[in-house]
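No value in this document is a laboratory result; all are computed from the given coordinates. The structure presented is a predicted model; accordingly, all values stated were derived computationally and were not measured. Here the Cβ positions follow ideal geometry from the backbone for every residue, glycine too, while neighbour counts run over all protein chains shown.
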Amino acid sequence: MTETVATFNRRAFAQQLAVGVGGVGCWSSSTAMAQPAAEGEPPSMALLLLAAVVAECPGEHWNEAQLSDVLQDIEGDLGRAQLLRTVPLTNASEPATMFRAPAVPQP
Amino acid sequence: MIAAGDAFLTIDEWGRRLRGGEVTSLALTDFFLARLKTIGTAHNAVVTLTADRAREEARLADADLQRGRDRGPLHGIPYGAKDLLATRGIPTTWGATPFREQVFADDATVIERLRAAGAVLTAKLAMIELAGGFGYRQAHASFTGPALNAWDRSCWAGGSSSGSGIALGAGLVPFAIGSETSGSILNPAGANGVTGFRPTYGLVPRTGAMALSWTLDKIGPLCRTAHDCLTVMRAIAGPDEEDFTAFEVGTTLDAPATLPSPCRMARIAGCLRTVQPEIADRFEAACSVLSQFGTIDEIELPDLPYSAVVGTIITGEMAAAFEDFIRSGQVQELTAPEDRWGGYAGLVLPAKDYINALRVRRKIQTALDPVCQQYDVLLAPTLATVAGPIDRDFREWSRGFASSSLGVAGNAGGLPGITVPMGAGANGLPTGLQLVSGARRDGLLLTIATAYQQRTGWHRQHPERYQS
């Protein structure tokens with residue numbers, strides 16, 4: 001994951017993302033297409049999620065440092081998910097959720 | 001006239017003075033209000049002094065006692081509450097600038113129960129903004145300023161129940177209420193050299209408390225002793241119509257008259273690997289005391305990703321709880337720069353990752369259960385270091401805060417835990433011993449911690465400057 005991020009042009013991507021929702025389109029139309037095929041591999045999950053964050057919360061407040069911080073957080077979350085996948089879970093492994101059915105109304 | 005040194009008396013000791021007519025609740029309340037105003041303010045420990053309400057409650061407590069109506073051990077005893085607990089007509093700020101004017105119409109259930117028990121609310125205490133869920137990395141993460149340690153104002157007081165820890169450490173109240181999602185009671189209690197108790201998940205209702213993580217949040221007391229914690233717990237525990245995770249107390253808070261014979265204890269393997277040498281020494285000394293009660297084995301906790309589970313759950317639930325706050329841009333008004341950006345990643349956390357964390361959490365419960373059946377209590381130092389410099393990034397000094405995975409495992413498993421002082425570490429700052437028991441064995445845990453405190457005097461050591 002980190003390797004993908006390191007080889008990706010984060011600066012250009014961040015700059016494009018910083019303009020808001022259109023950033024994702026800018027990336028796909030210019031950054032990826034403009035790069036040679038070997039360098040044009042799909043971006044990492046973390047970068048795509050970062051694009052989703054900016055798409056969800058567009059605005060003028062994003063700068064590269066902040067995007068980098070959020071990207072690190074996303075990478076951390078995805079890293080934790082990888083750790084979770086090291087625990088064998090079966091189809092019957094239920095989550096420990098809070099929901100419970102309501103009590104039967106008393107007549 | 002109440003002497004400054006009396007500020008560190010226990011709930012029972014104040015109770016005897018109140019019932020013996022040596023002091024009134026009103027005098028006691030004014031005594032602590034004055035300390036909160038001066039010392040508390042100097043340590044950034046107080047958000048709001050609730051003087052009017054406190055004096056009203058104290059007068060009522062005094063009148064009741066005169067009429068022979070005694071509401072129990074907390075009758076007339078002042079306390080402070082972490083400012084994430086709603087209080088009717090008084091601001092509840094959650095430690096965060098955007099919520100400075102927030103006022104609720106009702107008291108939180110815990111506050112209601114303490115009022116019914118005769119306790120006197122004297123202050124809303126400082127906390128890390130939004131209970132620390134946004135990823136703060138340094139002490140200046142509350143609109144009340146960095147929380148300054150009770151023993152040394154150049155050091156951090158811990159968080160997120162920062163004001164509660166300071167208030168006990170500096171003798172500003174006889175007890176306080178804090179909350180823990182993962183570490184927020186034990187961390188400041190350990191850093192300030194006081195006793196802090198995290199109950200079994202669901203033992204204390206959260207109605208009226210700010211939600212950071214519905215499946216992890218717990219409310220618990222910080223006190224002078226484990227025995228005082230039991231006293232407070234008996235007043236605040238039990239089911240609540242508004243919080244369906246809160247369960248019947250049953251035998252959970254039963255304190256056995258004698259310790260199990262032999263008491264079966266286990267220390268966590270490797271728990272001294274990263275700690276400061278003074279903490280290792282203090283821990284060995286504490287184990288030596290505990291060995292009088294029974295056996296102490298050394299064990300490894302089941303190999304499971306405790307931190308990944310807790311981190312993923314907090315991230316997902318916090319993003320849901322604060323989504324509007326983040327999207328609206330209000331998050332940009334938080335004090336710590338890193339908190340202004342720390343909530344965004346959670347907005348895109350894959351649902352299956354959150355669900356998988358909850359699935360692994362059940363595995364954790366299943367795996368920890370036999371360990372907690374085999375042992376009455378598990379042991380490790382509370383923190384890897386003593387309190388660190390107030391102006392430095394945590395990553396420069398904290399060694400990750402935890403000495404082992406016991407704390408995060410206990411939170412993942414919903415297990416009760418307590419920190420008790422175990423003596424001075426580096427720079428004369430306090431160190432803490434962490435004890436964790438099986439779920440719903442809170443009474444046993446508090447009994448063992450009480451037995452430890454009956455054989456040690458560390459919980460009676462206080463900052464010299466605040467005793468005179």
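Taking the Cα centre of segment B:246-334 as origin, sum charge times position over the Cβ atoms of Lys and Arg (+1) and Asp and Glu (-1), and report the length of that vector in debye to the nearest 20. My answer is approximately 180 debye. Projected over all directions and averaged, the alpha-carbon convex hull of segment B:120-250 occupies 7.7 nm². When you work out D = kT/(6 pi eta Rh) for the protein assembly as shown at 25 °C and 0.890 mPa s, using the Kirkwood radius from C-alpha pairs as Rh and the Stokes-Einstein form, the result is 100 µm²/s. Model label points for A:Glu94 and B:Arg395, set 7 angstrom from Cα along the Cα-to-Cβ axis, are 4.1 nm apart.
Placing +1 on the Cβ of every Lys and Arg and -1 on the Cβ of every Asp and Glu, with no other charges, gives the protein assembly as shown a dipole of roughly 1100 debye about its Cα centre. Across segment B:215-344, counting alpha-carbon atoms alone, Rg and Dmax equal 20.7, 58 Å.
Charging the Cβ of each Asp and Glu at -1 and of each Lys and Arg at +1, and nothing else, the dipole of chain B about its Cα centre rounds to 380 debye. Modelled spin-label separation between B:Ala4 and B:Gln365, with each label point placed 7 Å from Cα along the Cα-to-Cβ direction: 5.0 nm.
Sorting the segments B:232-238, B:302-308, B:81-87 by their mean number of nearby beta carbons within 10 angstrom, highest to lowest, gives B:81-87, B:232-238, B:302-308. Of the DSSP H helices in chain B, those with a Cα length along their own long axis of 30 Å or more and a mean Kyte-Doolittle hydropathy reaching -1.0 comprise B:351-374.
If R₀ is 22 angstrom, what is the calculated FRET efficiency for the pair B:Ser468 and B:Glu22, using the beta carbon separation as r and rounding to 0.05? For R0 = 22 Å, the calculated efficiency reads 0.60. Both radii were evaluated on the Cα set of segment B:40-103; the Rg over Rh quotient, with Rh as the Kirkwood radius, amounts to 1.07. Measuring nothing but how far apart in sequence close Cα pairs (under 8 Å, 6+ apart) lie, relative to its length, chain B scores a relative contact order of 18 percent. Shielding by partners for peptide A:51-57, expressed as the average number of C-beta atoms from other protein chains within 10 Å of each residue's C-beta, is 4.
Seen from a random direction on average, the alpha-carbon convex hull of segment B:290-372 projects onto 8.3 square nanometres. Measuring nothing but alpha carbons in segment B:258-302 and taking Rh as the Kirkwood radius, the Rg to Rh ratio lands at 1.02. Inter-chain neighbour count for A:65-75: the average number of beta-carbon atoms from partner chains within 10 Å of each residue's beta-carbon is 4. When restricted to Cα atoms, segment B:51-155 yields an Rg and a Dmax of 16.1, 52 Å, respectively.
When the alpha carbon coordinates of segment B:417-468 are projected onto the principal axes, the ranges are 39, 21, 17 Å, largest first.
Computed over segment B:313-456, the P(r) tail beyond 25 angstrom holds 49 percent of alpha carbon pairs. Estimated at 0.36 nm per residue, the fully extended path between B:Ile355 and B:Glu338 surpasses their Cα-Cα distance by 3.5 nm.
Counting Cβ atoms of other protein chains within 10 Å of each residue's Cβ and taking the mean over peptide A:80-92 gives 6. Shape analysis of segment B:276-318 based on the Cα gyration tensor places the equivalent ellipsoid semi-axes at 33, 15, 10 Å, largest first.
Of the three principal axes defined by the Cα atoms of chain B, the extents in descending order read 58, 57, 45 Å. Would you list the P(r) distribution for segment B:352-420, with all Cα-Cα distances sorted into 10 Å bins from 0 and each bin expressed as a whole %? Reading upward from the zero bin: 18, 38, 29, 15, 1. Within segment B:375-468, the ratio Rg/Rh, alpha carbon atoms throughout and Rh by Kirkwood, equals 1.01. A protection proxy built from the mean count of other Cβ atoms within 10 Å ranks the segments B:242-249, B:120-127, B:418-425, most packed first, as B:120-127, B:418-425, B:242-249. Spatially, segment B:383-447 and segment B:1-50 are offset by 27 Å when compared through their Cα centroids. For segment A:67-107, the equivalent ellipsoid built from the Cα gyration tensor has semi-axes of 37, 18, 5 Å, listed from largest to smallest.
Between B:Asp254 and B:Arg100, residue separation times 0.36 nm minus the direct Cα-Cα distance comes to 51.5 nm.
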